[in-house]
Amino acid sequence: MNILVTGATSGFGEQIARDFVATGHTVYGTGRRADRLAALQDELGERFLPVCFDVADSEATVAALTKIDLSAIDVLVNNAGLALGLEPAHRADSTDWQTMIDVNIKGLVTVTHLLLPHMVAKNSGTIINIGSTAGNHPYFGANVYGASKAFVKQFSNNLRADLLGVRVRVTNIEPGLCGGTEFSNVRFKGDDDKAAAVYEQVAYLTAQDISNAVQWVASLPWHVNINSMELMPTAQTYAGLTVARG
Ligand code: NDP
Ligand code: 8X3
């Protein structure tokens, strides 16, 4: 199969790319960091094909992706995304909010809009979106990040509705706390100590766990559609409805 993985320069996307290549597939891996993509190609060989662009820039996204044969893509993994900040909404940075909307929502929509007509035309394809538990459960400081992942969830559901009668599958994977990626380093803008503290003494999910879920979803026979899959570390559970006293 030919797989397009956005955000393949680190974390989930890099592991997903590695695992698809290891199982004999061809991966088009995207990201802004050309050096990371080139290093991955050196390591993985000709079945890893770098496509470098900023998914927040819709013109750049269209220009980069229309250079490849989109009709050949069997699986799209919409993984590129980020959280910025963990402040309550009234103290959050407006630019951070815009960036999360640009990448997590607009970027994902732009890539999907490019790929979907090709999948429908050949009556075959799988779209795997990387949502989050943050799209299902509110938590302190998640404001626009969580809302962007709620968008991804409902967009996935609505794609399923529109694709009735077509052999194109859509899955929303919704991970909880997952360490070993750059997610918190990005969220805390390079404050690596603060990022590391998030994962202290917790048996968190890993990029391998998420890649395993993606590989499984993609490997199922065409008549099986996993609508959504929420994964949490056993050590994590629902936050509960907290109250303020006094
Ligand atoms: P990483 O920060 O390790 O990876 C994020 C990837 O997204 C990178 O490859 C990055 O590439 C890419 N990306 C970010 N912004 C852009 C952009 N503007 N244009 C192109 N690519 C971009 O994080 P994770 O692997 O942890 O996260 C991957 C996805 O999983 C995200 O959507 C995240 O929201 C989601 N998620 C993460 C969880 C976690 O706990 N880690 C849990 C639930 C969901 P580059 O910087 O080179 O552009
Ligand atoms: C990433 C998981 O809990 O930081 O989406 O929102 S969380």
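The values are calculated or read from the model by the stated rules, or taken from the named source; none is laboratory data. For clarity, every value in this text was computed on a predicted model and none was experimentally measured. Note that we place each Cβ from the backbone using ideal geometry, even for glycine, and neighbour counts take in every protein chain shown.
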> Between residues in the stretch 146-163 that are farther than 26 Å from ALA92 by Cβ and residues that are assigned to a helix (DSSP H, G or I), which pairs lie under 8 Å by C-beta distance while being six or more apart or on different chains?
Replying inline: LEU159/THR112; LEU159/LEU116; LEU163/VAL120
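From the list ALA196, ALA203, ALA213, exactly one residue is of a type outside the set (Val, Ile, Thr), part of a loop (DSSP other than H, G, I, E, B) and either in contact with a helix residue (DSSP H, G or I) (Cβ under 8 Å, 6 or more places away or on another chain) or within 16 Å of ligand 1 (Cβ to nearest atom) (or both). Which is it? Can you show your working first?
Values: ALA196 fails: part of a loop (DSSP other than H, G, I, E, B); ALA213 fails: part of a loop (DSSP other than H, G, I, E, B).
After applying the criteria, what remains is ALA203.
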>> Give all pairs with beta carbons closer than 8 Å in which a residue from the stretch 173-184 that is modelled with pLDDT under 95 and of a type in the set (Val, Ile, Thr) meets a residue that is in a helix (DSSP H, G or I) and more than 8 Å from ligand 2 (Cβ to nearest atom); count only pairs at least 6 apart in sequence or on separate chains.
In response: none
> From LEU164, LEU159, which residue is part of a loop (DSSP other than H, G, I, E, B), over 13 Å from the mean Cα position of the chain (by Cα) and among the hydrophobic types (A, V, I, L, M, F, W, C)?
Replying inline: LEU164
> Which residue, of ALA17, ALA56, ALA80, is among the hydrophobic types (A, V, I, L, M, F, W, C), crowded, with 22+ Cβ neighbours inside 10 Å and part of a loop (DSSP other than H, G, I, E, B)?
Replying inline: ALA80
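Looking at the structure I just gave you, is TYR139 within 10 Å of ligand 2 (Cβ to nearest atom) and surrounded by fewer than 19 Cβ atoms within 10 Å (Cβ to Cβ)?
Yes; evaluated as a whole, the condition is true for this residue.
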> So which pairs qualify, if the first residue must be in the stretch 118-141 and modelled with pLDDT of 95 or more and assigned to a strand (DSSP E or B), the second must be more than 12 Å from ligand 1 (Cβ to nearest atom) and of a type in the set (Asp, Glu), the Cβ gap must be under 8 Å, and the two must be at least 6 apart or on different chains?
Replying inline: GLY125/ASP74; THR126/ASP74
> Can you find a residue in the stretch 109-129 that is crowded, with 17+ Cβ neighbours inside 10 Å and within 14 Å of ligand 2 (Cβ to nearest atom)?
Replying inline: yes
